[in-house]
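Have a look at the structure below, then the notes.
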Amino acid sequence: MRQVWVTDAAAVTALGDSCEKTWQGLMAGRTAIQAVSRFPTFNYNSSMAACIDNLTPGDNQSLIQQLTERILCQLHNVPETSLLITATTKAGIDSLEKIRRHQPIGLPDILLSSLPASISRKLKLADKGINISAACASSTIAVAHGASLIASGNAESVLVCCMDTVTEFVFSGFSSLNAMSDTGARPFDKDRNGLTLGEGAAAILMMSSKAAGKHGKPHLGTIAGWGAANDAAHITAPARDGCGLIQAAQKALKMAAVGKEAIAAVNAHGTGTIYNDMMEITAFRSIFHNCRIPVNSVKGAIGHTLGAAGGIEVVLGLKALSGQILPPTVGLNIPEETAMDLVSSQPVNISGDYLLTTNSGFGGVNAAIVLKRGKTP
Amino acid sequence: MTAVITGIGWVSSTSMGCGTDHDHVSMKKGPLPDIKRKMVLAKPAKAFGRMDRFSKTGLAAISFALKDACLETWDKKRDIGIIASTTYGCLDTDIRYFDTVIPEQGLLASPGLFAYTLSNCFLGEAAIYFGLTGAGYIINEMLPGGMYSLQTALRILVSGENDIMVCGFCDLGNPIPLDNETGTDDTVSGALFFVIEKIPGKSCKTYGTLRMEENSRIFLNETAIDNWCMLADTCFKKNDAFKA
């Protein structure tokens with residue numbers, strides 16, 4: 001199996017228009033969660049979300065177009081022979097809102113396949129690309145799929161772009177499921193009461209080490225292992241025993257050929273819902289037994305960015321490995337009793353070369369990636 | 001890179017079922033049948049009545065394919081993955097859901113419909129009903145009928161991640177005219193799924209050997225395959241030989 005290097009990484013979140021700004025916000029313990037002004041929320045069980053500053057649709061456009069511009073402008077010289085994989089759960093679903101309200105729209109971005117088509121065109125890539133849709137693990141699986149193409153020798157360079165936006169379509173849905181917090185997500189807190197939606201994007205360029213050398217690209221980190229598994233238990237609720245997440249993480253650790261003691265930290269999905277966070281702690285306890293491994297969640301700061309969550313967390317995970325420090329879990333006040341020794345509202349120094357990042361979602365999906373520290377800070 | 005096809009299942013405007021019970025697959029355009037649980041699942045599934053049309057169609061085809069491969073029954077969860085291609089996905093459900101949001105500014109938003117506005121949900125329903133714990137995801141391709149999910153499933157078998165995969169497509173066509181390059185509604189309505197295995201397992205038959213070249217070109221029994229329907233047709237040609 002060939003090594004899979006991450007050679008470029010970018011992020012846009014509600015904390016800032018770059019990975020660096022997002023990182024600084026996280027480390028300062030800031031949250032971007034605030035009252036939504038994009039659409040009326042008075043009939044929903046929350047008014048809070050983490051929306052990106054000044055992200056407004058252009059004339060008859062979807063928000064996804066602007067977000068695409070903001071993420072792509074951060075990339076440096078993507079080889080035109082790169083394969084393209086995008087990840088989104090709803091792409092430009094705000095265009096559908098307009099269609100159903102009989103408002104004018106221009107280029108509809110409703111179909112998920114329109115995202116790779118648009119990005120391929122903008123970057124002048126030979127590959128038209130595909131989109132992967134697997135709920136909140138979409139981009140985790142997209143990174144895993146891209147890595148597998150490089151590892152197996154089927155590709156030299158793969159670009160993963162992931163994004164989702166805060167729309168009334170999605171907001172109203174999570175409200176109808178009573179899944180949203182009215183005050184802001186507090187992952188792993190004993191008084192957590194739901195998730196908060198966020199919007200964001202990430203781009204991750206992966207290459208074989210040979211291709212990275214040829215193109216003079218830095219080694220930001222390695223996608224060392226990956227795994228995915230289904231709970232086969234419930235469509236919208238996680239399996240209480242964490243069976244799918246355990247299976248996905250074990251596959252990832254096995255592929256990375258590292259023992260659990262090599263993992264320096266875990267970036268959890270950590271949505272702030274009662275059952276998700278409980279399931280994750282159960283799974284991590286099972287995987288790591290009595291090891292006290294630092295765990296964090298970024299969703300109290302940038303919200304739950306759905307299909308973009310896994311990609312953003314890969315970018316931030318590499319940053320954590322590089323600096324050997326795990327950002328605080330923003331929103332955490334008093335930890336859930338079972339997570340008391342794992343999570344922190346303060347940054348935590350870590351020591352090691354590997355970080356496990358996991359995501360789970362509707363449809364019983366679970367995915368895990370083992371990241372390895374790169375040579376370039 | 002080789003594997004064998006051990007099961008075929010489909011739902012189309014003209015027929016539905018599995019390979020064992022038919023001698024060909026017809027995927028003509030047209031309205032799809034109203035699928036009832038007893039038509040496709042042997043045991044009760046309490047969620048079936050709540051599912052959207054996209055999920056029922058996809059789940060039914062997967063169910064038929066697993067039955068065809070003698071993998072319908074289980075007593076212990078199995079590490080079998082499912083990958084499905086789609087172009088329009090659950091857009092029809094998206095529309096029906098958002099039409100519940102508009103009238104009272106969200107007050108009447110339907111949680112039952114919202115749960116099915118993710119096109120991977122029917123893979124989760126199949127995973128629950130058949131105890132499948134492998135990876136499950138949707139691949140959205142620009143062109144309807146793309147075979148990326150088959151290529152991916154074959155690569156997963158080769159990598160050793162799974163020994164059995166279910167792959168195919170599910171599409172209900174375009175519910176709204178879209179004035180862009182993906183908006184041409186030349187989609188075959190329905191679902192067609194295949195069970196592919198590294199080595200034949202419980203199944204009493206195979207439909208032949210799949211081979212993928214380095215350039216991702218796929219062959220079944222050394223016949224080059226261009227699309228899903230051609231793959232099914234080629235399966236039946238081989239199957240005739242097996243019956244003889």
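Answer yes if at least one residue in the stretch B:72-87 is surrounded by 20 or more Cβ atoms within 10 Å (Cβ to Cβ), within 8 Å of chain A (Cβ to nearest Cβ) and touching a Pro at 6+ places or on another chain (Cβ under 8 Å), and no otherwise. The answer is yes, given that some residue of the stretch B:72-87 is surrounded by 20 or more Cβ atoms within 10 Å (Cβ to Cβ), within 8 Å of chain A (Cβ to nearest Cβ) and touching a Pro at 6+ places or on another chain (Cβ under 8 Å). Filtering B:T133, B:T100 for residues that are more than 17 Å from the chain's Cα centre (by Cα) and under 28 Å from A:G173 (Cβ atoms) leaves a single hit, B:T100. Scanning the stretch A:37-61 for residues that are within 21 Å of the chain's Cα centre (by Cα) and part of a loop (DSSP other than H, G, I, E, B) yields a total of 4. Can we say A:K260 is farther than 27 Å from A:S120 by Cα and not assigned by TED's automatic domain parsing to the domain that holds A:F39? Against the criterion (farther than 27 Å from A:S120 by Cα and not assigned by TED's automatic domain parsing to the domain that holds A:F39), A:K260 qualifies. Cβ-Cβ contacts under 6 Å between residues 6 or more apart (or on different chains), taken from a first residue in the stretch B:108-133 that is more than 7 Å from every other protein chain (Cβ to nearest Cβ) to a second residue that is of a type in the set (G, A, S), are listed as B:Y116/B:S55; B:F122/B:S55; B:F122/B:G58; B:Y129/B:A45.
When the stretch A:272-289 is filtered for residues that are closer than 22 Å to A:M48 by Cβ and either at pLDDT below 95 or not in a helix (DSSP H, G or I) (or both), the ones remaining, listed by number, are A:G272, A:T273. The set of residues in the stretch B:134-151 being buried (at least 24 other Cβ atoms within 10 Å of the Cβ), within 7 Å of another protein chain (Cβ to nearest Cβ) and either at positive phi or hydroxyl-bearing (S, T, Y) (or both) consists of B:Y137 alone. When A:S148, A:S133 are screened for being part of a strand (DSSP E or B), within 30 Å of B:L157 (Cβ to Cβ) and at the interface with chain B (Cβ under 9 Å from one of its Cβ atoms), only A:S133 passes.
Considering only helices (runs of 4 or more DSSP H) fully contained in the stretch B:110-161, which possess at least 2 residues that are within 13 Å of A:G364 (Cα to Cα)?
Values: elements: B:111-114, B:121-130, B:148-159.
Per the criteria, B:121-130.
Scanning the stretch A:111-127 for residues that are out of contact with any Leu (no Cβ under 7 Å at 6 or more places or on another chain), part of a helix (DSSP H, G or I) and more than 7 Å from chain B (Cβ to nearest Cβ) gives A:L115, A:S118, A:R121.
Selection within the stretch A:39-63: residues that are modelled with pLDDT under 95 and within 14 Å of chain B (Cβ to nearest Cβ). The member of this set that is farthest from A:G184 (Cα to Cα) is A:N60. Here B:I95 does not fit the description of being assigned to a loop (DSSP other than H, G, I, E, B), at the interface with chain A (Cβ under 8 Å from one of its Cβ atoms), in contact (Cβ under 8 Å) with a residue 40 or more places away in the chain and more than 17 Å from B:V195 (Cα to Cα). Collect the residues in the stretch A:318-377 that are in a helix (DSSP H, G or I) and under 25 Å from A:Q3 (Cα atoms), keeping them in residue-number order. Of everything in the stretch A:318-377, those that are in a helix (DSSP H, G or I) and under 25 Å from A:Q3 (Cα atoms) turn out to be A:L318, A:K319, A:A320, A:L321, A:S322, A:G323.
Out of A:A265, A:A202, A:A229, A:A211, report the one residue that is outside any loop (DSSP other than H, G, I, E, B), under 16 Å from the mean Cα position of the chain (by Cα), in contact (Cβ under 8 Å) with a residue 12 or more places away in the chain and at negative phi.
Working: A:A265 fails: under 16 Å from the mean Cα position of the chain (by Cα); A:A229 fails: under 16 Å from the mean Cα position of the chain (by Cα); A:A211 fails: under 16 Å from the mean Cα position of the chain (by Cα).
None of the other options fit; the residue is A:A202.
The values are calculated or read from the model by the stated rules, or taken from the named source; none is laboratory data. Only a predicted model underlies this, so the values are computations on that prediction, with no experimental measurement involved. Note that each Cβ is placed from the backbone with ideal geometry, even for glycine, and that neighbours are counted across all protein chains shown.
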